[in-house]
1. Please indicate, with yes or no, whether at least one residue in the range 106-125 is part of a helix (DSSP H, G or I), open to solvent by 30 Å² or more (accessible area, probe 1.4 Å) and touching a Ser or Thr at 6+ places or on another chain (Cβ under 8 Å).
2. Would the range 201-215 turn up any residue that is of a type in the set (A, V, I, L, M), touching a residue at least 24 places away in the same chain (Cβ under 8 Å), in a loop (DSSP other than H, G, I, E, B) and open to solvent by 10 Å² or more (accessible area, probe 1.4 Å)?
3. Look through 81, 35 and report the one residue that is assigned to a helix (DSSP H, G or I), modelled with pLDDT under 85 and small (Gly, Ala, Ser).
4. In this structure, is residue 224 under 15 Å from the mean Cα position of the chain (by Cα), modelled with pLDDT of 80 or more, aromatic (Phe, Trp, Tyr) and surrounded by fewer than 19 Cβ atoms within 10 Å (Cβ to Cβ)?
5. What single numbered condition from (1) more than 24 Å from residue 128 (Cα to Cα); (2) in contact (Cβ under 8 Å) with a residue 24 or more places away in the chain; (3) hydroxyl-bearing (Ser, Thr, Tyr); (4) in a helix (DSSP H, G or I) fails to hold for residue 193?
6. Looking at (1) more than 28 Å from residue 155 (Cα to Cα); (2) modelled with pLDDT under 80; (3) part of a helix (DSSP H, G or I), find the lone condition where residue 250 falls short.
7. Just the residues that are open to solvent by 30 Å² or more (accessible area, probe 1.4 Å) and in a helix (DSSP H, G or I), please, taken from the range 171-190.
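The values are calculated or read from the model by the stated rules, or taken from the named source; none is laboratory data. Since the structure is predicted, the reported quantities are computational estimates derived from the model, not experimental observations. All Cβ positions, even for glycine, are placed from backbone atoms using ideal geometry, and neighbour counts span all protein chains on display. To get the accessible areas, we keep the full protein, side chains included, count just its heavy atoms, and leave off ligands, DNA and RNA. Shrake-Rupley method; radii C 1.70, N 1.55, O 1.52, S 1.80 Å.
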Amino acid sequence: MTARTADIEDQPAAWASVRGGIGDRIFSGAALAAGLTILGALAGVFVFLLAKGATGFSKPAEVYGPHAESFLGYVFPLLVGTFTVSIIALVIAVPLAFGIALVISHYAPRWLATPVAFVIDLLAAVPSVVYGLWGAFYLAKKLVPMHEWLHDTFGSWPVLGALFGEPNAAGKSWLTVGIVLAIMILPIITAITREVFSRTPRLHEEAALALGATRWEMIRMTVFPYSRSGMVSAVMLGLGRALGETMAVAMVLSVGFGLSWNIIATSSPTSIAANIALKYKERSADLLNVLVATGLVLFLLTFLVNFAARWIIGRSERRMAR
């Protein structure tokens, strides 16, 4: 290689952008402004909730209603209801979503995978009120025999008896809400995991198959490790949708008072978001402060869930980098 050739190769390509150019500075400034705007919006929401809801933590007992004497007694059943329906939704939706995503990305032929993926994406855009109407007026009645079977089969068991006590005659229970939420978050988790699975390096998959691995062994050795962080992100996005869902929970659940661990009960505490929607119309000034305080609790809960998800993803990425 001559000195002339080496000098030419060391020079940057004509199409390469110059580092620090005006385009880079504009893009960097726009990205920084967008990030600061999001942080500012979150900080503004937190300040508003804290300012409006601070007094809601210490209202007189009569403000919280006849079934609670303090804010903790008021919000704790709502937290239990929020977590219960969200966990039920995740238990049902996550395995189905991962299975559907695998079928679309690695098993089904393209002529079948493409329309199925298209339908999954369309389901994610259906409004929650549609799912709520379907769950309240159709699904709840169809689930009554299942509720009765669960009660007759497990109602006398030491631990499961607390979960499957006397069922709701109309089928409106935590279990029904959890199934509706599972159907709602299924398209979101499926769409994200499908994209993550499809981005697994092709050479990794072919190398595993060349070594004699079956298709399932190849998926376990290459697809799942590569997609772990994306799978966690998809699950956490689905959990965030379930935690903040309002209309479907309010329309399907037969709202009760007091704490109950029975997921097929005649009446159960609702979620925080649905309780705010149900009580907002009949609010007084004191009750409004209490509702805003419960909204602050839900805001912090969602923030902690997302923070935990980010920590898990970061830890997984660090392990993959080793």
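1. Within the range 106-125 (the criterion being part of a helix (DSSP H, G or I), open to solvent by 30 Å² or more (accessible area, probe 1.4 Å) and touching a Ser or Thr at 6+ places or on another chain (Cβ under 8 Å)), the answer is no, since none of the residues qualifies.
2. Pass one, the range 201-215, residues of a type in the set (A, V, I, L, M): 203, 207-211, 213.
So of that shortlist, the ones also touching a residue at least 24 places away in the same chain (Cβ under 8 Å) come out as none.
Taking every residue of the range 201-215 in turn, none turns out to be of a type in the set (A, V, I, L, M), touching a residue at least 24 places away in the same chain (Cβ under 8 Å), in a loop (DSSP other than H, G, I, E, B) and open to solvent by 10 Å² or more (accessible area, probe 1.4 Å).
3. On the way: 35 fails: modelled with pLDDT under 85.
When all the criteria are applied, what remains is 81.
4. Numbers: under 15 Å from the mean Cα position of the chain (by Cα): no; modelled with pLDDT of 80 or more: yes; aromatic (Phe, Trp, Tyr): yes; surrounded by fewer than 19 Cβ atoms within 10 Å (Cβ to Cβ): yes.
Here the answer is no, as residue 224 does not meet what is asked.
5. (1)
6. The failed condition is (1).
7. Our first condition is that a residue be open to solvent by 30 Å² or more (accessible area, probe 1.4 Å); within the range 171-190, this holds for 172, 179, 183, 186, 188.
Correct list: 179, 183, 186, 188.
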